[in-house]
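The values are calculated or read from the model by the stated rules, or taken from the named source; none is laboratory data. A quick note: this is a predicted structure, and the numbers were derived from the prediction, not measured. Glycine gets a Cβ as well: all are built from the backbone with ideal geometry, and neighbour counts include every protein chain shown. Heads up: the accessible areas ignore ligands, DNA and RNA and are worked out on the full protein's heavy atoms, side chains in. Shrake-Rupley method; radii C 1.70, N 1.55, O 1.52, S 1.80 Å.
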Amino acid sequence: MEAIDFEEKDFLACCGSTRFAKQMTSSAPFSTYDEAVDAARDIWFNKVDVNGWLEAFAAHPQIGQSPSPHHKSPTSAEWSKGEQSTALATATGYTMEELADWNSRYQQKFGFVFLIFASGRSTPEILAELKKRYQNRPLVEFEIAAGEQMKVTELRLAKLFSTRAEGALATTAQCTADVATTARDRVNIIGSHLTASSGAPILKPSQISARSRPPITTHVLDVSRGSPGVGIEVRLEMWKCVKTRPTFGETETGNWLLQGSSTTDKDGRSGQLMDIVDALKPGTYRISFNTGKYSPGSFFPYVSIVFEVGESQQWEHFHVPLLLSPFSFTTYRGS
């Protein structure tokens, strides 16, 4: 496969660290996306210093804000807009004000912008994560932000290859598949780096789970109150026959196998509904919420969301939240 060369400005669009961009340019050309990602991880975690990390963080606009028109990388600015599209589409005037307030608190405490892999995430989901991470110690949060930057860099490298690699990666769909494949060992790389920096023994990849949370998660937002849905009973089930799917109107409960149950916490999150497994079993799943008990006057005695996990999606994460009010509800697939 013919190697593909890139310029320093291309890598600067993927990660705003000048040192990172120069090192990647020196390591190029790359024959494949995987080869570029391996080099990027090594450079980011082992060769870019603290100042380089802060430079990369500063290249990101705050979540919910547009990049500066004077951004040093127009490509990066355009990608930032796309990566925040779900957040902007699910935002309201109230949540945008709250997000701006928490962004400001976060920056005052840690000294850098709140950084999160925002693709596919809603504003309520990002807000919940921001509030959770705000409680961290500065050193811990600094390391988490560096890990989130690496996720963004990998996604942008895929975009870079999709526009330049006619022979290596012919389509964006192929890039997306590659991102899903490499996601399995992303946690291994980050985890190894952090344990090395703390002086703890480095675990081999086989000793570290590729996931840090169950492959299926959910949370509940009570939009009528503008707050998390606390204390809601949640059940996760799987359709018994993998080779068939439930038909419209199917009511036979015996065909649904319970995977786990829990109650939403103060942030509206369900907790662990299943074991943390690397490969999620393909099939049809159902998440049910006891909304009638949570809100006795609700129009819905309970809410069930049915979705499918394909054979090629077993390494992906499925976050299926519920946005609830007394007379309506909605859902979407998050990340």
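Among the residues of segment 47-62, is there at least one that is more than 17 Å from Ala145 (Cβ to Cβ) and open to solvent by 70 Å² or more (accessible area, probe 1.4 Å)? Yes, segment 47-62 has at least one match. For segment 5-31, taking the residues that are in a loop (DSSP other than H, G, I, E, B) and either hydrophobic (A, V, I, L, M, F, W, C) or touching a Leu at 6+ places or on another chain (Cβ under 8 Å) (or both), the one that is surrounded by the most Cβ atoms within 10 Å (Cβ to Cβ) is identified as Cys15. Evaluated against (1) aliphatic (A, V, I, L, M); (2) modelled with pLDDT of 90 or more; (3) exposed (fewer than 15 other Cβ atoms within 10 Å of the Cβ), Leu322 falls short on exactly one condition, (3). The set of residues in segment 246-271 being within 20 Å of the chain's Cα centre (by Cα) and modelled with pLDDT under 85 consists of Gly271 alone.
Residues that are at pLDDT 90 or above and touching an Asp or Glu at 6+ places or on another chain (Cβ under 7 Å): does segment 95-115 have at least one? Scanning segment 95-115 turns up at least one residue that is at pLDDT 90 or above and touching an Asp or Glu at 6+ places or on another chain (Cβ under 7 Å).
Taking segment 264-314 as the range and being β-branched (Val, Ile, Thr) and part of a loop (DSSP other than H, G, I, E, B) as the test, the residues that pass are Thr264, Ile276, Val277. Scanning segment 318-329 finds one or more residues that are part of a loop (DSSP other than H, G, I, E, B) and over 28 Å from Ser212 (Cβ atoms). Among all positions in segment 289-296, there is at least one residue which is more than 27 Å from the chain's Cα centre (by Cα) and open to solvent by 50 Å² or more (accessible area, probe 1.4 Å).
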